[in-house]
Amino acid sequence: MAMIDEPLYPIAVLIDELKNEDIQLRLNSIRRLSTIARALGEERTRKELIPFLSENNDDEDEVLLAMAEELGVFIPYVGGVEHAHVLLPPLETLCTVEETCVRDKAVESLCRIGAQMKENDIVDWFIPVVKRLAAGEWFAARVSSCGLFHIAYPSASDQLKTELRTIYGQLCQDDMPMVRRAAASNLGKFVATVEQSHLKTEIMSIFDDLTQDDQDSVRLLAVEGCAALGKLLEPQDCVAHILPVIVNFSQDKSWRVRYMVANQLYELCEAVGPEPTRADLVPAYVRLLRDNEAEVRIAAAGKVTKFCRILSPQLAIQHILPCVKELSSDSSQHVRSALASVIMGMAPVLGKDATIEQLLPIFLSLLKDEFPDVRLNIISKLDQVNQVIGIDLLSQSLLPAIVELAEDRHWRVRLAIIEYIPLLASQLGVGFFDDKLGALCMQWLEDKVFSIRDAAANNLKRLAEEFGPEWSMQHIIPQVLEKINNPHYLYRMTILQAISLLAPVMGAEITCQKLLPVVINSSKDRVPNIKFNVAKVLQSLVPILDQSVVEKTVKPCLVELSEDPDVDVRYYANQALQACDQMMVSS
(Lines give C-alpha, C1' and ligand atoms only; values in the text may rest on other atoms or scores of the structure.)
Protein backbone atom coordinates (compact mmCIF):
# COMPACT_ATOMS: atom_id res chain seq x y z
CA MET A 1 0.00 0.00 0.00
CA ALA A 2 1.25 3.48 -0.81
CA MET A 3 2.22 5.82 2.03
CA ILE A 4 0.00 8.82 2.75
CA ASP A 5 2.75 11.39 2.26
CA GLU A 6 3.41 10.29 -1.36
CA PRO A 7 2.67 12.97 -3.97
CA LEU A 8 -1.02 12.63 -4.81
CA TYR A 9 -1.37 11.52 -8.41
CA PRO A 10 -4.34 12.89 -10.34
CA ILE A 11 -6.31 10.55 -12.58
CA ALA A 12 -4.74 11.96 -15.76
CA VAL A 13 -1.31 10.71 -14.66
CA LEU A 14 -2.80 7.32 -13.80
CA ILE A 15 -4.36 7.08 -17.25
CA ASP A 16 -1.06 8.02 -18.90
CA GLU A 17 0.84 5.45 -16.86
CA LEU A 18 -1.75 2.71 -17.42
CA LYS A 19 -1.37 3.22 -21.17
CA ASN A 20 2.41 3.26 -21.02
CA GLU A 21 4.24 0.54 -22.93
CA ASP A 22 6.47 -0.25 -19.94
CA ILE A 23 4.75 -2.96 -17.85
CA GLN A 24 6.61 -1.88 -14.71
CA LEU A 25 5.08 1.63 -14.93
CA ARG A 26 1.61 0.13 -15.39
CA LEU A 27 2.17 -2.15 -12.40
CA ASN A 28 3.40 0.72 -10.20
CA SER A 29 0.35 2.72 -11.20
CA ILE A 30 -2.03 -0.08 -10.14
CA ARG A 31 -0.19 -0.52 -6.85
CA ARG A 32 -0.71 3.20 -6.16
CA LEU A 33 -4.48 2.99 -6.65
CA SER A 34 -5.20 3.68 -2.98
CA THR A 35 -3.13 6.90 -3.09
CA ILE A 36 -4.94 8.00 -6.25
CA ALA A 37 -8.32 7.19 -4.68
CA ARG A 38 -7.45 9.33 -1.65
CA ALA A 39 -6.45 12.20 -3.95
CA LEU A 40 -9.70 11.98 -5.88
CA GLY A 41 -11.99 11.59 -2.87
CA GLU A 42 -14.72 8.97 -2.44
CA GLU A 43 -17.23 10.36 -4.95
CA ARG A 44 -14.79 10.85 -7.85
CA THR A 45 -13.29 7.41 -7.10
CA ARG A 46 -16.76 5.89 -7.57
CA LYS A 47 -17.65 7.94 -10.64
CA GLU A 48 -14.32 8.17 -12.48
CA LEU A 49 -11.68 5.75 -11.22
CA ILE A 50 -13.72 2.54 -10.89
CA PRO A 51 -15.47 2.89 -14.30
CA PHE A 52 -12.06 3.60 -15.86
CA LEU A 53 -10.68 0.38 -14.32
CA SER A 54 -13.74 -1.57 -15.52
CA GLU A 55 -13.00 -0.54 -19.10
CA ASN A 56 -9.24 -0.79 -18.87
CA ASN A 57 -8.72 -4.47 -18.14
CA ASP A 58 -7.16 -5.63 -21.36
CA ASP A 59 -3.62 -5.86 -20.01
CA GLU A 60 -0.83 -8.25 -19.03
CA ASP A 61 -1.85 -10.87 -16.44
CA GLU A 62 0.60 -9.42 -13.89
CA VAL A 63 -1.16 -6.02 -13.98
CA LEU A 64 -4.62 -7.61 -13.82
CA LEU A 65 -3.56 -9.73 -10.84
CA ALA A 66 -2.38 -6.61 -8.97
CA MET A 67 -5.68 -4.88 -9.85
CA ALA A 68 -7.76 -7.82 -8.56
CA GLU A 69 -5.78 -7.75 -5.31
CA GLU A 70 -6.04 -3.97 -4.79
CA LEU A 71 -9.80 -3.88 -5.42
CA GLY A 72 -10.37 -6.45 -2.64
CA VAL A 73 -9.36 -3.88 0.00
CA PHE A 74 -10.90 -0.85 -1.71
CA ILE A 75 -14.16 -0.51 0.29
CA PRO A 76 -12.84 2.40 2.47
CA TYR A 77 -11.86 4.41 -0.64
CA VAL A 78 -15.32 4.28 -2.28
CA GLY A 79 -17.22 5.50 0.78
CA GLY A 80 -17.62 2.38 2.92
CA VAL A 81 -19.86 -0.68 2.86
CA GLU A 82 -22.97 1.07 1.47
CA HIS A 83 -21.07 1.82 -1.76
CA ALA A 84 -19.19 -1.50 -1.93
CA HIS A 85 -21.30 -2.62 -4.92
CA VAL A 86 -19.44 -0.22 -7.24
CA LEU A 87 -16.38 -2.49 -6.95
CA LEU A 88 -18.24 -5.51 -8.35
CA PRO A 89 -18.21 -4.62 -12.12
CA PRO A 90 -14.38 -4.47 -12.55
CA LEU A 91 -13.97 -7.66 -10.51
CA GLU A 92 -16.75 -9.37 -12.47
CA THR A 93 -14.83 -8.65 -15.67
CA LEU A 94 -11.60 -9.97 -14.13
CA CYS A 95 -13.47 -13.20 -13.26
CA THR A 96 -13.79 -13.88 -16.98
CA VAL A 97 -10.13 -13.62 -18.05
CA GLU A 98 -8.25 -16.68 -19.23
CA GLU A 99 -5.41 -16.64 -16.68
CA THR A 100 -6.37 -18.79 -13.66
CA CYS A 101 -4.44 -16.88 -11.00
CA VAL A 102 -6.14 -13.59 -12.00
CA ARG A 103 -9.58 -15.23 -11.81
CA ASP A 104 -8.79 -16.81 -8.44
CA LYS A 105 -7.66 -13.48 -7.00
CA ALA A 106 -10.78 -11.73 -8.38
CA VAL A 107 -13.01 -14.40 -6.79
CA GLU A 108 -11.11 -14.01 -3.50
CA SER A 109 -11.60 -10.22 -3.60
CA LEU A 110 -15.32 -10.60 -4.47
CA CYS A 111 -15.75 -12.96 -1.52
CA ARG A 112 -13.98 -10.49 0.76
CA ILE A 113 -16.23 -7.64 -0.41
CA GLY A 114 -19.39 -9.79 -0.37
CA ALA A 115 -18.70 -10.85 3.21
CA GLN A 116 -18.87 -7.17 4.28
CA MET A 117 -21.89 -6.13 2.18
CA LYS A 118 -25.35 -5.64 3.68
CA GLU A 119 -27.96 -8.34 3.01
CA ASN A 120 -30.17 -6.24 0.71
CA ASP A 121 -27.07 -5.11 -1.26
CA ILE A 122 -26.06 -8.74 -1.74
CA VAL A 123 -29.53 -9.49 -3.14
CA ASP A 124 -29.55 -6.36 -5.37
CA TRP A 125 -25.95 -6.45 -6.60
CA PHE A 126 -23.93 -9.53 -5.63
CA ILE A 127 -26.37 -12.32 -6.56
CA PRO A 128 -26.93 -10.87 -10.09
CA VAL A 129 -23.12 -11.00 -10.56
CA VAL A 130 -23.09 -14.67 -9.53
CA LYS A 131 -25.98 -15.48 -11.88
CA ARG A 132 -24.41 -13.61 -14.84
CA LEU A 133 -21.09 -15.39 -14.34
CA ALA A 134 -22.81 -18.79 -13.99
CA ALA A 135 -24.61 -18.19 -17.28
CA GLY A 136 -21.49 -16.90 -19.07
CA GLU A 137 -20.75 -18.26 -22.53
CA TRP A 138 -17.03 -18.51 -21.82
CA PHE A 139 -16.15 -21.34 -19.39
CA ALA A 140 -13.88 -19.04 -17.31
CA ALA A 141 -16.90 -17.06 -16.07
CA ARG A 142 -18.72 -20.24 -15.04
CA VAL A 143 -15.61 -21.55 -13.24
CA SER A 144 -15.34 -18.28 -11.25
CA SER A 145 -19.04 -18.30 -10.31
CA CYS A 146 -18.62 -21.61 -8.39
CA GLY A 147 -16.48 -19.87 -5.75
CA LEU A 148 -19.11 -17.19 -5.00
CA PHE A 149 -22.24 -19.21 -4.11
CA HIS A 150 -21.34 -19.66 -0.43
CA ILE A 151 -21.26 -15.85 0.00
CA ALA A 152 -24.46 -15.21 -1.98
CA TYR A 153 -26.66 -18.02 -0.62
CA PRO A 154 -27.20 -17.10 3.08
CA SER A 155 -28.63 -13.63 2.25
CA ALA A 156 -30.97 -14.80 -0.52
CA SER A 157 -34.76 -15.15 -0.25
CA ASP A 158 -36.27 -18.66 -0.40
CA GLN A 159 -37.12 -18.26 -4.08
CA LEU A 160 -33.59 -17.06 -4.88
CA LYS A 161 -32.09 -19.87 -2.80
CA THR A 162 -33.98 -22.44 -4.87
CA GLU A 163 -32.71 -20.74 -8.02
CA LEU A 164 -29.10 -20.73 -6.74
CA ARG A 165 -29.27 -24.44 -5.85
CA THR A 166 -30.62 -25.22 -9.32
CA ILE A 167 -27.87 -23.17 -10.99
CA TYR A 168 -25.20 -24.94 -8.90
CA GLY A 169 -26.68 -28.28 -9.95
CA GLN A 170 -26.40 -27.21 -13.61
CA LEU A 171 -22.75 -26.19 -13.09
CA CYS A 172 -22.06 -29.69 -11.70
CA GLN A 173 -23.33 -31.11 -15.02
CA ASP A 174 -21.59 -28.53 -17.25
CA ASP A 175 -20.12 -29.71 -20.57
CA MET A 176 -16.68 -28.40 -19.61
CA PRO A 177 -14.69 -30.55 -17.14
CA MET A 178 -13.01 -27.38 -15.77
CA VAL A 179 -16.41 -26.05 -14.63
CA ARG A 180 -17.40 -29.38 -13.06
CA ARG A 181 -14.02 -29.43 -11.28
CA ALA A 182 -14.61 -25.94 -9.86
CA ALA A 183 -18.13 -26.97 -8.77
CA ALA A 184 -16.75 -30.10 -7.07
CA SER A 185 -13.95 -28.27 -5.26
CA ASN A 186 -16.30 -25.52 -3.96
CA LEU A 187 -19.10 -27.93 -2.98
CA GLY A 188 -17.91 -28.19 0.63
CA LYS A 189 -18.09 -24.40 1.15
CA PHE A 190 -21.50 -24.19 -0.54
CA VAL A 191 -23.17 -27.08 1.33
CA ALA A 192 -22.04 -25.59 4.66
CA THR A 193 -24.48 -22.70 3.98
CA VAL A 194 -27.40 -24.84 2.71
CA GLU A 195 -30.30 -25.74 5.05
CA GLN A 196 -30.41 -29.27 6.46
CA SER A 197 -33.74 -30.03 4.74
CA HIS A 198 -32.19 -29.59 1.29
CA LEU A 199 -28.99 -31.52 2.00
CA LYS A 200 -30.55 -34.96 1.64
CA THR A 201 -32.53 -34.10 -1.48
CA GLU A 202 -31.04 -31.60 -3.92
CA ILE A 203 -27.49 -31.52 -2.64
CA MET A 204 -27.18 -35.31 -2.50
CA SER A 205 -28.33 -35.59 -6.13
CA ILE A 206 -25.76 -32.92 -7.13
CA PHE A 207 -23.13 -34.85 -5.18
CA ASP A 208 -24.11 -38.16 -6.83
CA ASP A 209 -23.62 -36.61 -10.28
CA LEU A 210 -20.09 -35.53 -9.34
CA THR A 211 -19.15 -38.91 -7.87
CA GLN A 212 -20.12 -40.64 -11.12
CA ASP A 213 -18.34 -38.16 -13.40
CA ASP A 214 -16.33 -39.71 -16.22
CA GLN A 215 -13.35 -37.40 -15.50
CA ASP A 216 -11.13 -38.61 -12.65
CA SER A 217 -10.10 -35.00 -11.91
CA VAL A 218 -13.75 -34.25 -11.01
CA ARG A 219 -14.25 -37.45 -9.00
CA LEU A 220 -11.14 -36.84 -6.91
CA LEU A 221 -12.46 -33.38 -5.93
CA ALA A 222 -15.80 -34.99 -5.05
CA VAL A 223 -13.88 -37.02 -2.44
CA GLU A 224 -13.26 -33.76 -0.53
CA GLY A 225 -17.00 -33.13 -0.71
CA CYS A 226 -17.56 -36.52 0.99
CA ALA A 227 -15.75 -35.35 4.11
CA ALA A 228 -17.51 -31.93 4.10
CA LEU A 229 -20.96 -33.49 3.61
CA GLY A 230 -20.22 -36.25 6.12
CA LYS A 231 -19.71 -33.67 8.86
CA LEU A 232 -23.04 -31.95 8.07
CA LEU A 233 -25.29 -35.01 7.78
CA GLU A 234 -26.66 -37.10 10.64
CA PRO A 235 -24.62 -40.31 11.18
CA GLN A 236 -27.41 -42.57 9.78
CA ASP A 237 -27.69 -40.42 6.61
CA CYS A 238 -23.93 -40.40 6.31
CA VAL A 239 -23.91 -44.22 6.42
CA ALA A 240 -26.72 -44.40 3.84
CA HIS A 241 -25.41 -41.82 1.35
CA ILE A 242 -21.69 -41.14 1.85
CA LEU A 243 -20.31 -44.50 2.97
CA PRO A 244 -21.14 -46.45 -0.23
CA VAL A 245 -19.57 -43.65 -2.30
CA ILE A 246 -16.31 -43.75 -0.31
CA VAL A 247 -16.12 -47.55 -0.45
CA ASN A 248 -16.57 -47.34 -4.25
CA PHE A 249 -14.00 -44.57 -4.51
CA SER A 250 -11.47 -46.68 -2.57
CA GLN A 251 -11.65 -49.14 -5.50
CA ASP A 252 -11.82 -46.47 -8.24
CA LYS A 253 -9.96 -47.25 -11.45
CA SER A 254 -8.02 -43.97 -11.19
CA TRP A 255 -5.15 -44.01 -8.67
CA ARG A 256 -5.59 -40.24 -8.14
CA VAL A 257 -9.08 -40.81 -6.75
CA ARG A 258 -7.85 -43.61 -4.48
CA TYR A 259 -5.03 -41.29 -3.36
CA MET A 260 -7.58 -38.64 -2.29
CA VAL A 261 -9.62 -41.28 -0.42
CA ALA A 262 -6.48 -42.41 1.43
CA ASN A 263 -5.91 -38.81 2.53
CA GLN A 264 -9.50 -38.16 3.65
CA LEU A 265 -10.68 -41.50 5.03
CA TYR A 266 -9.92 -40.93 8.71
CA GLU A 267 -12.12 -37.79 8.71
CA LEU A 268 -15.10 -39.90 7.59
CA CYS A 269 -14.64 -42.42 10.38
CA GLU A 270 -15.65 -39.71 12.86
CA ALA A 271 -18.74 -38.86 10.79
CA VAL A 272 -20.12 -42.41 10.38
CA GLY A 273 -19.46 -43.75 13.90
CA PRO A 274 -17.64 -46.86 15.20
CA GLU A 275 -19.71 -49.74 13.78
CA PRO A 276 -19.69 -48.73 10.08
CA THR A 277 -16.01 -47.82 10.48
CA ARG A 278 -15.23 -51.36 11.62
CA ALA A 279 -17.41 -53.03 9.00
CA ASP A 280 -16.74 -50.92 5.91
CA LEU A 281 -13.98 -48.33 6.33
CA VAL A 282 -11.33 -50.57 7.88
CA PRO A 283 -11.44 -53.03 4.93
CA ALA A 284 -11.36 -50.04 2.53
CA TYR A 285 -8.31 -48.60 4.33
CA VAL A 286 -6.53 -51.97 4.33
CA ARG A 287 -7.09 -52.14 0.56
CA LEU A 288 -5.51 -48.70 0.18
CA LEU A 289 -2.50 -49.70 2.32
CA ARG A 290 -2.00 -52.61 -0.08
CA ASP A 291 -2.73 -50.62 -3.25
CA ASN A 292 -0.62 -51.43 -6.29
CA GLU A 293 0.24 -47.70 -6.82
CA ALA A 294 3.05 -46.40 -4.60
CA GLU A 295 1.48 -42.89 -4.39
CA VAL A 296 -1.70 -44.35 -2.86
CA ARG A 297 0.32 -46.40 -0.36
CA ILE A 298 2.32 -43.25 0.55
CA ALA A 299 -0.89 -41.31 1.31
CA ALA A 300 -2.41 -44.22 3.25
CA ALA A 301 0.81 -44.86 5.20
CA GLY A 302 1.03 -41.19 6.15
CA LYS A 303 -2.38 -41.37 7.83
CA VAL A 304 -1.87 -44.68 9.65
CA THR A 305 -1.53 -43.13 13.11
CA LYS A 306 -4.57 -40.84 12.72
CA PHE A 307 -6.62 -43.83 11.57
CA CYS A 308 -5.45 -46.02 14.46
CA ARG A 309 -6.41 -43.32 16.98
CA ILE A 310 -10.03 -43.64 15.86
CA LEU A 311 -10.03 -47.44 16.18
CA SER A 312 -9.78 -49.54 19.32
CA PRO A 313 -6.29 -50.99 19.99
CA GLN A 314 -7.61 -54.51 19.21
CA LEU A 315 -8.85 -53.48 15.76
CA ALA A 316 -5.61 -51.65 15.03
CA ILE A 317 -3.50 -54.68 16.02
CA GLN A 318 -5.73 -57.11 14.16
CA HIS A 319 -6.20 -55.26 10.85
CA ILE A 320 -3.72 -52.38 10.50
CA LEU A 321 -0.52 -53.79 12.03
CA PRO A 322 -0.09 -56.62 9.47
CA CYS A 323 -0.23 -53.96 6.70
CA VAL A 324 2.26 -51.77 8.56
CA LYS A 325 4.68 -54.71 8.72
CA GLU A 326 4.34 -55.17 4.95
CA LEU A 327 4.83 -51.44 4.32
CA SER A 328 8.02 -51.37 6.42
CA SER A 329 9.64 -53.52 3.73
CA ASP A 330 7.81 -51.88 0.80
CA SER A 331 9.69 -51.68 -2.50
CA SER A 332 9.26 -47.87 -2.59
CA GLN A 333 11.54 -45.85 -0.30
CA HIS A 334 8.94 -43.03 -0.26
CA VAL A 335 6.33 -45.39 1.21
CA ARG A 336 8.76 -46.48 3.92
CA SER A 337 9.68 -42.83 4.58
CA ALA A 338 5.99 -41.81 4.91
CA LEU A 339 5.43 -44.73 7.31
CA ALA A 340 8.55 -43.88 9.33
CA SER A 341 7.38 -40.27 9.80
CA VAL A 342 4.13 -41.35 11.55
CA ILE A 343 4.63 -44.87 12.90
CA MET A 344 6.00 -43.62 16.23
CA GLY A 345 2.60 -42.12 16.99
CA MET A 346 1.14 -45.65 17.04
CA ALA A 347 3.04 -46.52 20.24
CA PRO A 348 0.76 -44.54 22.62
CA VAL A 349 -2.31 -45.94 20.78
CA LEU A 350 -1.29 -49.61 21.02
CA GLY A 351 0.16 -49.51 24.56
CA LYS A 352 3.40 -50.88 26.00
CA ASP A 353 3.06 -54.62 25.37
CA ALA A 354 1.94 -54.36 21.76
CA THR A 355 4.62 -51.73 21.09
CA ILE A 356 7.40 -53.96 22.43
CA GLU A 357 6.12 -57.10 20.70
CA GLN A 358 4.87 -55.73 17.41
CA LEU A 359 6.16 -52.20 16.75
CA LEU A 360 9.72 -52.35 18.06
CA PRO A 361 10.85 -54.88 15.42
CA ILE A 362 9.34 -52.60 12.73
CA PHE A 363 11.16 -49.54 14.16
CA LEU A 364 14.42 -51.47 14.09
CA SER A 365 13.97 -52.62 10.51
CA LEU A 366 13.24 -48.99 9.48
CA LEU A 367 16.27 -47.78 11.46
CA LYS A 368 18.42 -50.11 9.38
CA ASP A 369 16.84 -48.97 6.11
CA GLU A 370 19.28 -48.26 3.30
CA PHE A 371 17.73 -44.82 2.72
CA PRO A 372 18.76 -42.12 5.23
CA ASP A 373 15.40 -40.27 5.09
CA VAL A 374 13.63 -43.34 6.43
CA ARG A 375 16.10 -43.69 9.32
CA LEU A 376 15.96 -39.98 10.17
CA ASN A 377 12.15 -39.92 10.22
CA ILE A 378 12.26 -42.61 12.91
CA ILE A 379 14.91 -40.84 15.01
CA SER A 380 13.12 -37.49 14.89
CA LYS A 381 10.01 -38.91 16.61
CA LEU A 382 11.64 -41.07 19.30
CA ASP A 383 10.12 -39.20 22.24
CA GLN A 384 6.69 -40.72 21.49
CA VAL A 385 8.07 -44.27 21.91
CA ASN A 386 10.22 -43.36 24.88
CA GLN A 387 7.08 -42.37 26.81
CA VAL A 388 5.59 -45.83 26.20
CA ILE A 389 8.43 -48.34 26.54
CA GLY A 390 11.06 -46.53 28.63
CA ILE A 391 14.63 -45.56 28.02
CA ASP A 392 16.48 -48.82 28.67
CA LEU A 393 14.78 -50.82 25.96
CA LEU A 394 14.95 -47.90 23.60
CA SER A 395 18.66 -47.25 24.06
CA GLN A 396 19.62 -50.92 23.62
CA SER A 397 17.85 -51.13 20.30
CA LEU A 398 18.45 -47.62 19.10
CA LEU A 399 22.05 -46.75 19.74
CA PRO A 400 23.74 -48.87 17.08
CA ALA A 401 21.53 -47.23 14.45
CA ILE A 402 22.43 -43.71 15.66
CA VAL A 403 26.15 -44.50 15.65
CA GLU A 404 25.83 -45.87 12.13
CA LEU A 405 24.06 -42.71 10.93
CA ALA A 406 26.61 -40.51 12.69
CA GLU A 407 29.33 -42.06 10.54
CA ASP A 408 27.30 -42.23 7.31
CA ARG A 409 29.29 -41.45 4.17
CA HIS A 410 26.70 -38.85 3.05
CA TRP A 411 27.51 -35.64 4.91
CA ARG A 412 23.85 -34.48 4.82
CA VAL A 413 22.87 -37.54 6.83
CA ARG A 414 25.54 -36.77 9.42
CA LEU A 415 24.30 -33.17 9.48
CA ALA A 416 20.70 -34.23 10.11
CA ILE A 417 21.77 -36.51 12.96
CA ILE A 418 23.73 -33.66 14.60
CA GLU A 419 20.60 -31.52 14.54
CA TYR A 420 18.69 -34.24 16.41
CA ILE A 421 21.37 -34.78 19.07
CA PRO A 422 20.10 -32.07 21.49
CA LEU A 423 16.57 -33.50 21.13
CA LEU A 424 17.88 -37.02 21.81
CA ALA A 425 19.89 -35.69 24.74
CA SER A 426 16.82 -34.12 26.34
CA GLN A 427 14.75 -37.29 25.72
CA LEU A 428 17.33 -39.85 26.79
CA GLY A 429 18.85 -38.00 29.73
CA VAL A 430 22.34 -37.08 30.77
CA GLY A 431 23.53 -40.56 31.82
CA PHE A 432 22.71 -42.16 28.50
CA PHE A 433 24.24 -39.23 26.66
CA ASP A 434 27.57 -39.34 28.52
CA ASP A 435 28.05 -43.04 27.91
CA LYS A 436 27.06 -43.25 24.31
CA LEU A 437 26.88 -39.97 22.43
CA GLY A 438 29.52 -37.72 24.01
CA ALA A 439 32.40 -39.14 21.95
CA LEU A 440 30.42 -38.70 18.72
CA CYS A 441 29.88 -35.00 19.39
CA MET A 442 33.62 -34.45 19.73
CA GLN A 443 34.40 -36.55 16.67
CA TRP A 444 32.24 -34.26 14.49
CA LEU A 445 34.43 -31.24 15.36
CA GLU A 446 37.10 -32.81 13.15
CA ASP A 447 34.87 -33.81 10.23
CA LYS A 448 36.15 -33.23 6.69
CA VAL A 449 33.05 -31.17 5.76
CA PHE A 450 32.78 -27.59 7.04
CA SER A 451 28.97 -27.72 7.46
CA ILE A 452 29.39 -30.68 9.84
CA ARG A 453 32.07 -28.92 11.90
CA ASP A 454 29.93 -25.77 12.03
CA ALA A 455 26.85 -27.75 13.13
CA ALA A 456 28.96 -29.67 15.69
CA ALA A 457 30.04 -26.39 17.33
CA ASN A 458 26.41 -25.21 17.49
CA ASN A 459 25.44 -28.61 18.84
CA LEU A 460 27.87 -28.23 21.78
CA LYS A 461 26.29 -24.88 22.63
CA ARG A 462 22.78 -26.42 22.64
CA LEU A 463 23.99 -29.31 24.82
CA ALA A 464 25.55 -26.86 27.27
CA GLU A 465 22.20 -25.04 27.45
CA GLU A 466 20.38 -28.35 27.99
CA PHE A 467 22.64 -29.84 30.71
CA GLY A 468 24.06 -26.67 32.30
CA PRO A 469 27.56 -25.18 32.86
CA GLU A 470 28.57 -27.65 35.60
CA TRP A 471 28.07 -30.68 33.33
CA SER A 472 29.72 -28.83 30.42
CA MET A 473 32.83 -28.13 32.53
CA GLN A 474 33.30 -31.87 32.98
CA HIS A 475 32.21 -33.25 29.62
CA ILE A 476 32.63 -30.57 26.95
CA ILE A 477 35.15 -27.87 27.82
CA PRO A 478 38.26 -30.08 28.49
CA GLN A 479 37.77 -32.14 25.31
CA VAL A 480 37.19 -29.03 23.17
CA LEU A 481 40.23 -27.19 24.51
CA GLU A 482 42.47 -30.22 23.89
CA LYS A 483 41.74 -29.95 20.17
CA ILE A 484 43.14 -26.41 19.84
CA ASN A 485 46.54 -27.96 19.13
CA ASN A 486 45.34 -29.87 16.06
CA PRO A 487 47.98 -29.56 13.32
CA HIS A 488 45.38 -28.51 10.72
CA TYR A 489 44.39 -24.83 10.95
CA LEU A 490 40.76 -25.45 9.79
CA TYR A 491 40.12 -27.65 12.82
CA ARG A 492 41.70 -25.05 15.10
CA MET A 493 39.29 -22.48 13.61
CA THR A 494 36.32 -24.72 14.48
CA ILE A 495 37.48 -24.81 18.12
CA LEU A 496 37.65 -21.00 18.21
CA GLN A 497 34.11 -20.87 16.87
CA ALA A 498 32.97 -23.40 19.51
CA ILE A 499 34.57 -21.24 22.23
CA SER A 500 32.74 -18.10 21.05
CA LEU A 501 29.42 -20.04 21.09
CA LEU A 502 30.00 -21.68 24.48
CA ALA A 503 31.21 -18.55 26.30
CA PRO A 504 27.77 -16.87 26.73
CA VAL A 505 26.32 -20.13 28.10
CA MET A 506 29.24 -20.78 30.48
CA GLY A 507 29.29 -17.29 32.03
CA ALA A 508 32.04 -14.77 32.83
CA GLU A 509 34.00 -16.75 35.43
CA ILE A 510 34.56 -19.94 33.40
CA THR A 511 35.17 -17.92 30.23
CA CYS A 512 37.84 -15.87 31.99
CA GLN A 513 39.56 -18.85 33.67
CA LYS A 514 39.34 -21.53 30.99
CA LEU A 515 38.39 -20.18 27.58
CA LEU A 516 40.10 -16.79 27.35
CA PRO A 517 43.69 -18.09 27.90
CA VAL A 518 43.27 -20.53 24.97
CA VAL A 519 42.04 -17.71 22.68
CA ILE A 520 44.90 -15.37 23.73
CA ASN A 521 47.37 -18.19 23.11
CA SER A 522 46.00 -18.72 19.59
CA SER A 523 46.82 -15.11 18.73
CA LYS A 524 50.43 -16.31 18.40
CA ASP A 525 49.40 -18.84 15.71
CA ARG A 526 51.41 -18.71 12.49
CA VAL A 527 48.28 -18.83 10.24
CA PRO A 528 46.67 -15.40 9.57
CA ASN A 529 43.16 -16.94 9.32
CA ILE A 530 43.47 -18.14 12.90
CA LYS A 531 44.70 -14.74 14.06
CA PHE A 532 41.86 -12.74 12.54
CA ASN A 533 39.39 -15.30 13.94
CA VAL A 534 40.97 -14.71 17.36
CA ALA A 535 40.18 -10.99 16.91
CA LYS A 536 36.57 -11.83 16.04
CA VAL A 537 36.19 -14.19 19.04
CA LEU A 538 37.71 -11.60 21.40
CA GLN A 539 35.20 -9.04 20.10
CA SER A 540 32.34 -11.46 20.88
CA LEU A 541 33.75 -12.08 24.40
CA VAL A 542 33.99 -8.38 25.34
CA PRO A 543 30.33 -8.10 26.53
CA ILE A 544 30.75 -11.18 28.75
CA LEU A 545 34.04 -10.29 30.46
CA ASP A 546 34.71 -7.79 33.25
CA GLN A 547 36.13 -4.43 32.22
CA SER A 548 39.36 -5.04 34.12
CA VAL A 549 39.97 -8.29 32.18
CA VAL A 550 39.27 -6.50 28.89
CA GLU A 551 41.77 -3.77 29.80
CA LYS A 552 44.52 -6.07 31.10
CA THR A 553 44.24 -9.07 28.77
CA VAL A 554 42.03 -8.53 25.73
CA LYS A 555 43.12 -5.06 24.60
CA PRO A 556 46.92 -5.71 24.73
CA CYS A 557 46.39 -8.83 22.61
CA LEU A 558 44.27 -6.88 20.08
CA VAL A 559 46.81 -4.03 19.95
CA GLU A 560 49.48 -6.59 19.10
CA LEU A 561 47.26 -8.09 16.36
CA SER A 562 46.49 -4.60 14.98
CA GLU A 563 50.20 -4.31 14.09
CA ASP A 564 50.28 -7.70 12.31
CA PRO A 565 51.82 -7.83 8.80
CA ASP A 566 48.56 -9.34 7.39
CA VAL A 567 45.96 -6.77 6.28
CA ASP A 568 42.92 -8.88 7.30
CA VAL A 569 44.30 -9.52 10.79
CA ARG A 570 44.88 -5.75 11.24
CA TYR A 571 41.34 -4.97 9.98
CA TYR A 572 39.54 -7.36 12.37
CA ALA A 573 41.78 -6.40 15.30
CA ASN A 574 40.91 -2.72 14.77
CA GLN A 575 37.20 -3.60 14.52
CA ALA A 576 37.45 -5.42 17.86
CA LEU A 577 39.35 -2.53 19.47
CA GLN A 578 36.62 -0.10 18.38
CA ALA A 579 34.01 -2.44 19.94
CA CYS A 580 36.04 -2.43 23.21
CA ASP A 581 36.15 1.37 23.24
CA GLN A 582 32.39 1.63 22.59
CA MET A 583 31.72 -0.77 25.46
CA MET A 584 33.87 1.37 27.77
CA VAL A 585 32.04 4.55 26.73
CA SER A 586 28.56 3.06 27.09
CA SER A 587 29.29 1.56 30.52
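Brief remarks follow.
- Number of the exception - I317 against (1) more than 16 Å from Q264 (Cα to Cα); (2) modelled with pLDDT of 85 or more; (3) over 25 Å from the mean Cα position of the chain (by Cα): (2)
- Only listed residue being modelled with pLDDT of 80 or more, in contact with a helix residue (DSSP H, G or I) (Cβ under 9 Å, 6 or more places away or on another chain) and of a type in the set (S, T, N, Q), chosen from Q443, Q387: Q443
- Yes/no for Q547 being among the polar types (S, T, N, Q), at pLDDT below 90 and crowded, with 18+ Cβ neighbours inside 10 Å: no
- For beta carbons closer than 6 Å, sequence separation of 6+ or different chains, a first residue in the range 357-375 that is over 21 Å from Q318 (Cα atoms) and a second that is open to solvent by 50 Å² or more (accessible area, probe 1.4 Å), the qualifying pairs are F371/Q333.
- All positions within the range 163-201 that are open to solvent by 30 Å² or more (accessible area, probe 1.4 Å) and either assigned to a loop (DSSP other than H, G, I, E, B) or within 18 Å of L243 (Cα to Cα) (or both): Q173, D175, M176, A192, T193, E195, K200, T201
- Qualifying residues in the range 445-485 (those that are of a type in the set (K, R) and open to solvent by less than 50 Å² (accessible area, probe 1.4 Å)) - the one farthest from L516 (Cα to Cα): R453
- Members of the range 520-539 found to be under 20 Å from M473 (Cβ atoms) and under 42 Å from the mean Cα position of the chain (by Cα), listed by number: V537
- For S522: the one exception among (1) closer than 24 Å to S586 by Cα; (2) surrounded by 14 or more Cβ atoms within 10 Å (Cβ to Cβ); (3) of a type in the set (S, T, N, Q): (1)
- Of the criteria (1) open to solvent by less than 20 Å² (accessible area, probe 1.4 Å); (2) closer than 24 Å to E267 by Cβ; (3) aliphatic (A, V, I, L, M), which one L220 fails: (1)
- Wholly enclosed helices (runs of 4 or more DSSP H) of the range 21-86 bearing at least 2 residues at negative phi, open to solvent by 40 Å² or more (accessible area, probe 1.4 Å) and in contact (Cβ under 8 Å) with a residue 24 or more places away in the chain: 23-31, 33-40, 61-71
- All of (1) of a type in the set (S, T, N, Q); (2) at pLDDT 85 or above; (3) surrounded by fewer than 21 Cβ atoms within 10 Å (Cβ to Cβ) hold for Q427 with one exception: (2).
- Figure legend. Inter-residue proximity from the range 402-413: first residues modelled with pLDDT of 75 or more, second residues open to solvent by 80 Å² or more (accessible area, probe 1.4 Å) and polar (S, T, N, Q), beta-carbon distance below 7 Å, spacing 6+ or different chains. No pairs are indicated.
The values are calculated or read from the model by the stated rules, or taken from the named source; none is laboratory data. Note that this is a predicted model, so its numbers are computed, not measured. Here the Cβ is made from the backbone with ideal geometry for all residues, glycine too, and neighbour counts use every protein chain on show. Surface areas here come from the heavy atoms of the whole protein model, side chains and all, with no ligands, DNA or RNA. Shrake-Rupley method; radii C 1.70, N 1.55, O 1.52, S 1.80 Å.
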